[in-house]
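The structure under discussion appears below in the form of C-alpha cells.
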Amino acid sequence: YGIDLSVYEQITLMLVLMITSKGIAGVPGVSFVVLLATLGTVGIPIEGLAFIAGIDRILDMGRTVVNVIGNSLAAIVISKWEGQ
C-alpha cells in the first residue's frame with residue numbers, strides 16, 4: 001500500500017499493539033479483531049487485512065497451543081510446590 005510510517009508512528013503502533021494484545025492468548029480468534037482495530041488507528045487500510053486473514057487462522061492455532069501448554073505447566077508447577 002506504500003504507506004510510510006515515521007519512527008514516532010512505529011513506536012506508537014508498537015505500544016498500542018502491546019496494550020491491546022494482552023487478552024489475545026486466552027480467546028481463540030480474537031487476534032484478528034484486535035489487529036483490525038489497531039491498524040486502523042495508524043491509517044493502514046482495512047482491505048490490507050485480507051492478506052493477514054489468510055494465514056492468521058494457522059498462526060492462531062499455534063498461539064492457542066502455546067497458551068494451553070503454558071497454562072498446563074503453570075498448574076503442574078503450582079501443584080508440585082503445594083505438594084499435591
Cut-off 19 Å, label point 7 angstrom out along Cα-to-Cβ of residue 30: give me the residues of the range 45-73 whose amide nitrogen falls inside. 56-72
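Taking the chain, which GluC sites (Glu not before Pro) meet the DSSP loop condition and have no more than 10 other C-beta atoms within 10 Å?
Working: sites: 9, 47, 82; in loops: 82.
Sites meeting the loop and neighbour criteria: 82.
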Cα axis of helix 49-81 to longest principal axis of the chain: angle in degrees, 0 to 90, nearest 10? 20 degrees
How much length would be gained if the chain were fully extended between residue 3 and residue 22, taking 0.36 nm per residue of separation minus their Cα-Cα distance, in nm to one decimal? 4.2 nm
Karplus ³J(HN,Hα) for the range 16-22 (6.51 cos²θ - 1.76 cosθ + 1.60, θ = phi - 60°; Hz, whole; x = Gly/Pro) runs 5, 5, 5, 6, 6, 8, 5
Alpha-carbon Debye profile of the chain, log10 I(q)/I(0) at 0.10 Å⁻¹: -0.36
What is the angle, in °, between the Cα long axis of helix 30-41 and the longest principal axis of the Cα atoms in the chain? Nearest 10 is fine, range 0 to 90. 30 degrees
Label 7 Å along Cα→Cβ of residue 63; the range 1-21 residues with amide nitrogen under 18 Å? 13-21
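Where the only charges are on Cβ atoms (+1 Lys, Arg; -1 Asp, Glu), what is the dipole of the range 7-81 about its Cα centre, to the nearest 20 debye? Can you show the working numbers first?
Values: 4 positive and 4 negative charges, 74 e Å.
Value, rounded to 20: 360 debye.
Read-outs: derived from the displayed coordinates by stated rules, not from any lab. Not measured: the values here are computed from a predicted model. So basically every Cβ, Gly included, is an ideal-geometry build from the backbone, and we count neighbours across all protein chains shown.
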